[in-house]
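As structure tokens, the structure follows; a few thoughts come after it.
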Amino acid sequence: MIAHYLIEPDLRHNMDFLAETYLRYRPVPIESLIGKKGKNQRSLRTVIPALLKDYACEDADVTLQLKEVFEPMLKETGTMDLFARIEMPLVPVLVSMEAEGIKLETTALKEFSSELHEGISRLDAEIKELAGVEFNIASPKQLGEVLFEKLKVTDKPKLTKTRQYSTGEDVLLRLAEKHPIINKILDYRSLAKLKSTYVDALPKLINQRDRRIHTSYNQAVAATGRLSSNNPNLQNIPIRTPKGREIRKAFVPRNNDYTLLAADYSQIELRIIAELSEDANLIETFVSGQDVHTATAARIFGVSPDLVTTDMRRSAKTVNFGIVYGISAFGLSERLNIPRKEAADIIAQYFAKYPGVKSYMDHTIDFARKHGYVETMMGRRRYLRDINSSNATVRGYAERNAINAPVQGSSADMIKIAMINIHESIRREGMNSKMLLQVHDELVFDAHKNELDLLREMVEEKMCSAIPMSVPVVIHMNTGDNWLEAH
DNA sequence: ATAAGCACGC
DNA sequence: GACGTACGTGCTTATA
């Protein structure tokens, strides 16, 4: 749909260059860059092997594979430009971010770990006291038996697909009134999560050579074109709860000459929907700089924006999420805790006020039925083999993918282009600042204090201009002495 | 080893 | 009547 690419001209690649880049980086395990020893050494970049695995064997000549196997495949699927102008130029950017790592300040985390341990022990005792039996709270199976057979907190417990008692957060929240044990279990779960996944795990992953944390980014895992992060996953560091935020505070600049700069796209997925759907009302919301959830609330509840209540805005926010992910009346009613009929009315109101979004969705699903795939602004495809299934559940799943993939995928295209261009600009200007992390719509930098103004200007310009859109693209930026402050 | 259930992020 | 909001990673438990 959008034909322009704003990759810097000297970063345009041909297949020979791609093969060369691949040969240059592929044999380098990240462990050799950062000095980690282990039996599970993996190649630094997995994108090419992952893409090639069905077509060629590992030992064959890679250049030949690229030319004879991979190139025709890319041409056939119309994804050569995407590969050559985005995915391959991104490889050295990710290499640099992985090798750079980020500093973790562990002193406060050690203290926090003891605090969590005490909280967990106390809750553990209180929960068993309330239950009147010894059991393992961390076992959903045992917990379900205690809640629904011994305490009988409800007479119609929800079951999982394997017909165990369901004890997930949404289920327990609805039962919170029924018994004081419920909230303690929720607290226990969240503390245990923070301790085991973050507070205790992250310090162990500090590299002994440079005292920094090195994640790995995978380009070939997510079906929509997003990156994923693992070993450790730095894309799911807590931020929602006060205790979770303590963990973000531990991510700090390398030294006192630096500060962390975080830049994130504001409402990028809804802006992309506005761009793709050309819906006049949604475009107007962004052009006039309104708060999109408030504007949506005003429209679906039929009041003026200044009369939108907190509750109305919260509902509209849930609706907007639903639009991005492919909504159903049932799903919305569950999330808003309202009758299905009311949810259906809200959805009908939404589509009445945003008819362009409705027709865009219909057209996208039609396109998928006809061609068997959908695509992003940059031509990234997601194939949807179930889009014409006679099974309504299976088909519905494919239809939600058809709606979401172009949106989530275009957002991924955009930030990837921005990353390539920012990395190149930092290099060209000979700056000391480094790009460290990507979290889907956010970039985090170790910013040298002397370069801060230049970096801010550069990051904003590259992020906003990565894919030219008629809908305004807005980013928020902040700096701080840790990742929480910078956010 | 693998799956299930859960919780963290966007 | 069932299904029921996208994309991920990683922890603990339970079972093979």
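A few comments on the model shown:
- Boolean, residue A:172 is closer than 25 Å to residue A:338 by Cα and either buried (at least 18 other Cβ atoms within 10 Å of the Cβ) or touching a residue at least 40 places away in the same chain (Cβ under 8 Å) (or both): yes
- Residue check, residue A:484 within 15 Å of DNA strand B (Cβ to nearest atom), part of a strand (DSSP E or B) and at negative phi: no
- No other residue among A:450, A:478, A:432 is under 19 Å from residue A:252 (Cα atoms) and assigned to a loop (DSSP other than H, G, I, E, B) apart from A:432.
- Taken as a whole, the structure leaves residue A:154 outside the set of residues that are modelled with pLDDT under 95, surrounded by fewer than 20 Cβ atoms within 10 Å (Cβ to Cβ) and touching a Ser or Thr at 6+ places or on another chain (Cβ under 8 Å).
- Every residue from the range A:424-441 that is within 16 Å of DNA strand B (Cβ to nearest atom) and on the phi > 0 side of the Ramachandran plot: A:440
- Count of the range A:201-234 residues which are closer than 24 Å to residue A:113 by Cβ, within 14 Å of DNA strand B (Cβ to nearest atom) and part of a loop (DSSP other than H, G, I, E, B): 4
- Search result, residues across the range A:137-151 that are loosely packed, with under 15 Cβ neighbours inside 10 Å and either assigned to a loop (DSSP other than H, G, I, E, B) or among the small types (Gly, Ala, Ser) (or both): A:138, A:139
- Among (1) in a loop (DSSP other than H, G, I, E, B); (2) surrounded by fewer than 20 Cβ atoms within 10 Å (Cβ to Cβ), the one test that residue A:237 misses: (2)
- Looking only at residues of the range A:352-371 that are surrounded by fewer than 16 Cβ atoms within 10 Å (Cβ to Cβ) and not acidic (Asp, Glu), we find that the one that is nearest to residue A:82 (Cα to Cα) is A:371.
- Count of residues meeting criterion [assigned to a helix (DSSP H, G or I) and surrounded by fewer than 19 Cβ atoms within 10 Å (Cβ to Cβ)] in the range A:244-278: 4
- Selected residue (criterion: nearest to DNA strand B (Cβ to nearest atom)) from residues of the range A:311-344 that are closer than 19 Å to residue A:274 by Cβ and of a type in the set (Ser, Thr, Tyr): A:325
- When the range A:235-261 is filtered for residues that are hydrophobic (A, V, I, L, M, F, W, C), near DNA strand B (Cβ under 10 Å from one of its atoms) and in contact with a Lys or Arg (Cβ under 8 Å, 6 or more places away or on another chain), the ones remaining, listed by number, are A:237, A:239.
- When residues of the range A:429-476 are limited to those that are acidic (Asp, Glu) and within 16 Å of DNA strand C (Cβ to nearest atom), the one surrounded by the fewest Cβ atoms within 10 Å (Cβ to Cβ): A:442
- Yes/no for residue A:187 being within 14 Å of DNA strand B (Cβ to nearest atom), under 22 Å from residue A:239 (Cβ atoms) and either at pLDDT below 95 or not in a helix (DSSP H, G or I) (or both): no
- Evaluation of residue A:402 against (1) in contact with a strand residue (DSSP E or B) (Cβ under 7 Å, 6 or more places away or on another chain); (2) aliphatic (A, V, I, L, M); (3) in a loop (DSSP other than H, G, I, E, B) (one fails), failing number: (3)
- Residue in the range A:377-391 that is assigned to a helix (DSSP H, G or I), at pLDDT below 95, of a type outside the set (Val, Ile, Thr) and more than 16 Å from DNA strand B (Cβ to nearest atom) present: no
- Scope the range A:78-130; condition closer than 14 Å to residue A:191 by Cα, hydroxyl-bearing (Ser, Thr, Tyr) and touching a residue at least 24 places away in the same chain (Cβ under 8 Å); matching residues: A:113
- Residues being in contact with a Leu (Cβ under 9 Å, 6 or more places away or on another chain) and within 12 Å of DNA strand B (Cβ to nearest atom) - total across the range A:145-174: 8
- Qualifying residue in the range A:310-318 (condition: free of Cβ contacts under 8 Å to residues at least 12 places away in the same chain and crowded, with 20+ Cβ neighbours inside 10 Å): no
The values are calculated or read from the model by the stated rules, or taken from the named source; none is laboratory data. What you are looking at is a predicted structure, and each value in this text was computed from that prediction instead of being measured. Backbone-built Cβ (ideal geometry, glycine too); neighbour counts: all protein chains shown.
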